[in-house]
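FYI, it's all coordinate maths here, none of it is from the lab. As the structure is a prediction and not an experimental result, all values here were calculated from the model.
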Amino acid sequence: MYQHLYRRFLQANQGKQHFACHSHHYWPDVTRDAMLRYWDDSAARVDDKWDYFFSERIPVVQQKIAQILNTGAPQQLVFAPNTHELLYRILSSLDWCKPLKVLSTDSEFHSFTRQINRLNERQTLQLTSVPTLPFADFEQRFMRTLKGDEYDLVFISQVFFNSGMAIENLAKLVNAAPKSTLFVIDGYHGFMALPTDLSGIADRVFYLAGSYKYAQGGEGCCFAHIPLGCTLRPEYTGWFAEFGELDLARQGQVQYSTDGMRFAGSTMDFSALYRLEAVFDMLEEEHLNVATVHDYVRQLQHTFLQQLDRHQHPELNRSHLLMHNPAHHGHFLTFQLSDSAKVQRLHQQLKQHGIITDARGDRLRFGFALYQNAEQIDLSVLEQLDE
Ligand SMILES: Cc1ncc(COP(=O)(O)O)c(C=O)c1O
């Protein structure tokens with residue numbers, strides 16, 4: 001139905017059923033034109049291009065993201081090539097000379113997990129990690145832990161990368177944390193997949209996401225929403241953080257921008273921002289928004305599961321599907337098999353038949369996106385695979 005928007009990626013991958021959209025989403029054709037536009041703008045403006053980016057292009061993309069998240073605060077958005085950089089800036093706002101307490105889960109993406117595990121080698125950090133499974137009572141368990149102590153930082157995903165399960169009541173968790181706690185949401189699997197309204201918590205949360213997945217702009221355009229009124233002074237800071245209106249620093253101190261730019265780094269390639277803007281324009285022209293894309297994807301997931309039921313594969317079936325509440329689930333389905341060897345084998349077998357999935361440990365993930373058509377989903381090969 002929407003394949004005409006993705007002609008180039010589809011043409012380059014003929015014969016494949018690409019179910020790894022949650023990992024490496026196809027780029028719509030308009031992003032190719034955006035790349036050329038970036039080149040042409042760079043050639044035409046040379047020394048003046050940065051002024052142009054900061055006064056014309058960045059504000060447009062900030063506006064669109066703020067609308068999608070309903071923060072009402074485009075000026076609080078700051079960009080970086082990846083979320084890790086933004087995460088580290090937030091972490092560097094903490095006072096590492098004193099003992100620190102961090103609360104998170106056992107299901108955060110490697111950018112956070114690896115970094116926090118490294119920092120946890122310091123004797124001064126106390127890291128508490130709440131298991132996400134069983135998911136039925138996860139939010140209650142997380143809430144109990146949150147209320148049981150005073151944490152300096154909370155880090156939690158909106159949609160967990162290793163299951164697709166989504167937090168039902170983010171605002172309730174955020175509001176349960178003391179005002180002094182930095183509350184960070186990893187929104188990478190939520191942004192532009194699930195309708196998201198941060199209006200009630202825009203003054204409390206850091207929200208991290210990027211363009212590589214459901215935003216369809218490819219790598220290189222990650223962002224953070226910085227809580228309104230935030231006066232933190234990240235120690236890991238780049239010279240872009242001194243753009244715009246500056247706050248009053250004590251004598252001898254480094255000054256920071258008063259808005260989201262206080263969390264900025266330095267020179268980056270903004271071609272990904274051009275691609276992201278092109279995707280926003282394309283969706284608008286097609287009268288699509290996050291809610292309509294989400295409905296379309298849910299329909300694809302429904303068709304996929306119906307087919308799966310018909311084929312009765314011993315491993316790839318509903319009994320191995322990690323899903324708690326279909327109304328609060330991301331754009332991929334995760335099957336937990338008995339061991340990682342089985343997952344690898346199935347992943348490779350499917351690949352040989354042109355079915356592209358994503359294998360992580362004992363979990364096999366299938367993602368869904370606009371460039372798939374329900375009537376083209378074909379899992380009949382499952383009946384031919386040997387075990
Ligand atoms: C939940 C989540 N967060 C973040 C990222 C990306 O992290 P980074 O931008 O640091 O590479 C991913 C990428 O797959 C992810 O799944």
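For the chain, the longest principal axis of the C-alpha atoms and the axis of helix 290-311 are separated by about 30°.
By how many degrees, between 0 and 90 and to the nearest 10, does the Cα long axis of helix 271-285 differ from the longest principal axis of the chain? Helix 271-285 sits at roughly 60 degrees to that axis. For the chain, a Gaussian network of Cα nodes joined below 10 Å ranks LEU194, LEU276, LEU232 by mean-square fluctuation, and the top entry is LEU232. Which angle between 0 and 90 degrees, to the nearest 10, do you get for helix 30-45 versus the longest principal axis of the chain when only C-alpha atoms count? Computed tilt is about 30 degrees. When the C-alpha to C-alpha distance is required to be over 22 Å, the pairs from LYS49/LYS213; LYS147/LYS172; LYS16/LYS213; LYS98/LYS172 that qualify are LYS49/LYS213; LYS98/LYS172. With springs only between Cα atoms under 10 Å, which of GLN67, GLN216, GLN11 fluctuates most in a Gaussian network model of the chain? Between GLN67, GLN216, GLN11, it is GLN11 that shows the largest mean-square fluctuation. For the chain, dividing the convex hull volume of the Cα atoms by the residue count gives 143 Å³ per residue.
Pairs of alpha-carbon atoms within less than 8 angstrom and 6+ residues apart define the contacts here; what relative contact order does the range 279-353 have, in percent? The normalised contact order for the range 279-353 reaches 21 percent. Taking all Cα pairs closer than 8 Å and separated by 6 or more residues, the relative contact order of the range 31-281 comes to 26 percent. Remark: relative contact order (the range 144-300) = 18 percent; criterion is Cα-Cα distance under 8 angstrom and separation of 6 or more residues.
Straight-line reach from LYS179: taking Cα to Cα under 18 Å and skipping same-chain neighbours fewer than 8 places apart, the aspartates and glutamates in range are ASP95, ASP149, GLU150, ASP152, ASP203.
The range 356-387 and the range 197-217 have their alpha-carbon centroids 28 Å apart.
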